[in-house]
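Let me begin by presenting the structure, written as structure tokens, before commenting on it.
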Amino acid sequence: MSKRELGFRGFWATVAAVCVAGGTYLRVYAGHPVAGNRLAYSGLVLVGLLVFGVLAELVAGWVAPASNPFLGHVRSVLRFIVDSTTWLGTWLFGPIVRRVVREKGLSETSHVCWTASQKRGREGSDFLPVAREGFRVAGARFIVRPDNSSATWHAGFRLTPRTENLEDSGVKSTILVDVSPTYIGAQDGHSVHREGQTWGPYALPRFGNPIPSYLFDFSVSRHADPALLWVSYRINDEQPQRVEFLREYADQLVLVAWTERSADEFLVHFELLSVSWKPIQPPRK
């Protein structure tokens, strides 16, 4: 067996072990018996296919020594069946494993690009809500790239309940982190807002030319008060900031952009949005 084959089968053996362990955890500890069974059974089936492939290859080597040309052809046929079975198993069960893992929030890589240019909200804002049933936002990372056609643009993210009417509610009514070139005179800055309160603005480094893009990175973590959560964020790798907010605001991530002057147009690109999620645990009885 070549190193490539050993690596291939070793990889899928690891995947099978992770599936079985993850399924057991979901079924026993996380309170998701259906998803746990699916994940564990997928791993067991994959193990079975890999074991069948190894046994079949051993049998092929035993019944078809290389010294016999005819039996060598038989061995080639058996080897083809073994490889086909292994590839078929990974092709069939690979998507199932990835889907179950993704649905349970164990892994999530989603890259979204969106452009804000419409005036739909109360402040003439444009917005894109991102939510998943049964999960809350655990963190996100994205890039804001304005075209600088407007000198008064603002852009950032909100955290809101899913029941929030984004067209009627103010952009600062829940929790908002935004960046703008107008916060500190001609210098870029950012602020954080919560239910009408504002912290900042905080200055971003001054450059001779406009910054082409702004990198947002934030995570949501537990708070000592069960009704609250923390959001820790940073922009362009500057000093991290943290603010507490109501737990229900983490139900939904909203990308948002607007301008200070209602007559101004704006065009702001949100690029490479990657969101992580945490399953919402049912209340303990």
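Laboratory data are not the source of any read-out in this text; all were calculated from the coordinates shown. What you see is a predicted model; the values in this text were computed from it and never measured. Note: ideal-geometry Cβ built from the backbone for every residue, glycine included; neighbour counts use all protein chains shown.
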Seminar exercise, completed: PRE zone check, label point 7 Å out along Cα-to-Cβ of I280, amide N under 13 Å, scope the stretch 215-254, hits 247-253
Exercise. Between V243 and T24, what length comes free when the chain is fully extended (0.36 nm per residue of separation minus the Cα-Cα distance, one decimal in nm)?
Worked result: 75.2 nm
For this session: Return, for the Cα atoms of the stretch 112-279, the radius of gyration and Dmax in Å, separated by a comma.
Result: 14.9, 46
Exercise. Taking the Cα centre of the stretch 112-279 as the origin, how large is its charge dipole in debye, to the nearest 20, when only Lys and Arg (+1) and Asp and Glu (-1) carry charge on their Cβ atoms?
Worked result: 360 debye
Exercise. Under 5 Å between amide H atoms, partner at least 5 residues away or on a different chain: which partners does T182 have, H built in plane at 1.01 Å?
Worked result: G189
For this session: Obtain the nm distance between the two label points defined at N209 and S232 by a simple spin-label model: each point lies 7 Å from its Cα along the Cα-to-C-beta direction.
Result: 3.4 nm
For this session: Would you calculate the separation in nanometres between label points at H223 and Y41, each defined as 7 Å from the Cα along the Cα-to-beta-carbon direction?
Result: 4.2 nm
For this session: Within 10 Å, count the other beta carbons around each residue, average over each peptide in 157-169, 208-220, and list them highest first.
Result: 157-169, 208-220
